[in-house]
1. Mind checking which strands (runs of 3 or more DSSP E) fall wholly inside the stretch 35-118 and carry at least 1 residues that are polar (S, T, N, Q)?
2. Looking at the stretch 9-34, which of its residues are in a loop (DSSP other than H, G, I, E, B), in contact with a helix residue (DSSP H, G or I) (Cβ under 9 Å, 6 or more places away or on another chain) and among the β-branched types (Val, Ile, Thr)?
3. Give the number of residues within the stretch 20-42 that are modelled with pLDDT of 95 or more and within 20 Å of Gln153 (Cα to Cα).
4. Give me the residue from the stretch 212-228 that is part of a strand (DSSP E or B) and of a type in the set (D, E, K, R) and, out of that set, surrounded by the fewest Cβ atoms within 10 Å (Cβ to Cβ).
5. For the stretch 161-181, give me the residue count where each residue is in contact with a Lys or Arg (Cβ under 8 Å, 6 or more places away or on another chain) and within 28 Å of Ser138 (Cβ to Cβ).
6. Collect the residues in the stretch 1-19 that are at pLDDT below 85 and surrounded by 13 or more Cβ atoms within 10 Å (Cβ to Cβ), keeping them in residue-number order.
7. Mind checking whether some residue in the stretch 71-82 is of a type in the set (Ser, Thr, Tyr), buried (at least 17 other Cβ atoms within 10 Å of the Cβ) and either at pLDDT below 90 or at positive phi (or both)?
8. Any residue that is touching a Cys at 6+ places or on another chain (Cβ under 8 Å), polar (S, T, N, Q) and surrounded by fewer than 17 Cβ atoms within 10 Å (Cβ to Cβ) - is there at least one of those in the stretch 83-97?
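The values are calculated or read from the model by the stated rules, or taken from the named source; none is laboratory data. Values in this document were obtained by computation on a predicted structure and should not be read as measured data. Using ideal geometry, Cβ is built from the backbone for each residue, glycine included, and neighbour counts are taken over all protein chains shown.
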Amino acid sequence: MFFSRKPQAPTASTTSPIRARFGEEVAASLLANPHVRRTPTEAASMFQHLGFLDTRQCEALIELIDANRRPSTLLSDRAGTGFRTSESCDMDRWSPDVRPIDEAIAALLGLDPAHGETMQGQRYAPGQQFRAHHDYFSDRESYWPAMAASGGQRTWTAMIYLNDVPEGGATWFPRAGVRVAPRRGLLLAWNNMGADGSPNDATIHEGMPVVEGVKYIVTKWFREGNWLRD
């Protein structure tokens, strides 16, 4: 099941049949996989896949993150100091260590890889965090015109934990009542839209402060239209 459609709506906040169909068909693709289980919450469409990556793959991505990390940035110009204190790097989607994983994530969700943004690696040392935020775009933000022109609204997020963390560093969805502890190779995927294709506030989440150890993750966001251009 592949989509290759331009965004239907000019705004981020309205309902959208295309976004709604993304939600339905990606959820069906995930549920058809015997290794995937639905996260028990009625507030959002959320799934987990244990062991999506093996130890070798995780270690290779950790090495890339350590070699290329820089202070994390934000799209929004409204957040205050200390909102996101981790380090990040953009992963080369065509490199031999990244491309198979990048394409495997798209295949798991049943999405055309062209809808996927560049995968981002993130590193959280003790005390570092990412305060409560949403992955979907808001048309009240200054960044929206550029995002609308580069694939439109974000639909699905896929996050993979690359290592176990002794204490702290959970991903917490306060409105959905879901808390996921880092576990090596675990993929967590959720639909940022509601059933009608409009942004779902229950997907607001935070990367809780790491208390002991260092947390490594990679995150892949998918758009309603093509992000990757020919």
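1. Numbers: elements: 36-38, 46-49, 87-90.
Where strands (runs of 3 or more DSSP E) fall fully within the stretch 35-118 and carry at least 1 residues being polar (S, T, N, Q), they are 46-49, 87-90.
2. Correct list: Thr11 only.
3. Residues that pass the stated criteria total 6.
4. Pass one, the stretch 212-228, residues part of a strand (DSSP E or B): 212, 215-223.
Filter once more, so that each one left must be of a type in the set (D, E, K, R): 212, 215, 220, 223.
On the way: Glu212: 10, Lys215: 26, Lys220: 25, Arg223: 23.
Ranking the candidates gives Glu212 first.
5. So the answer is 6.
6. Of all residues in the stretch 1-19, those at pLDDT below 85 come to 1-13.
Across the stretch 1-19, the qualifying residues are Phe3, Arg5, Pro7, Gln8, Ala9, Thr11, Ala12, Ser13.
7. Start the filter on the stretch 71-82 by keeping residues that are of a type in the set (Ser, Thr, Tyr), which leaves 72-73, 76, 81.
Adding the requirement that they be buried (at least 17 other Cβ atoms within 10 Å of the Cβ) leaves 72.
When the remaining residues are screened for being either at pLDDT below 90 or at positive phi (or both), the result is 72.
Within the stretch 71-82, one or more residues are of a type in the set (Ser, Thr, Tyr), buried (at least 17 other Cβ atoms within 10 Å of the Cβ) and either at pLDDT below 90 or at positive phi (or both).
8. The initial filter retains those residues of the stretch 83-97 that are touching a Cys at 6+ places or on another chain (Cβ under 8 Å), namely none.
No: zero hits.
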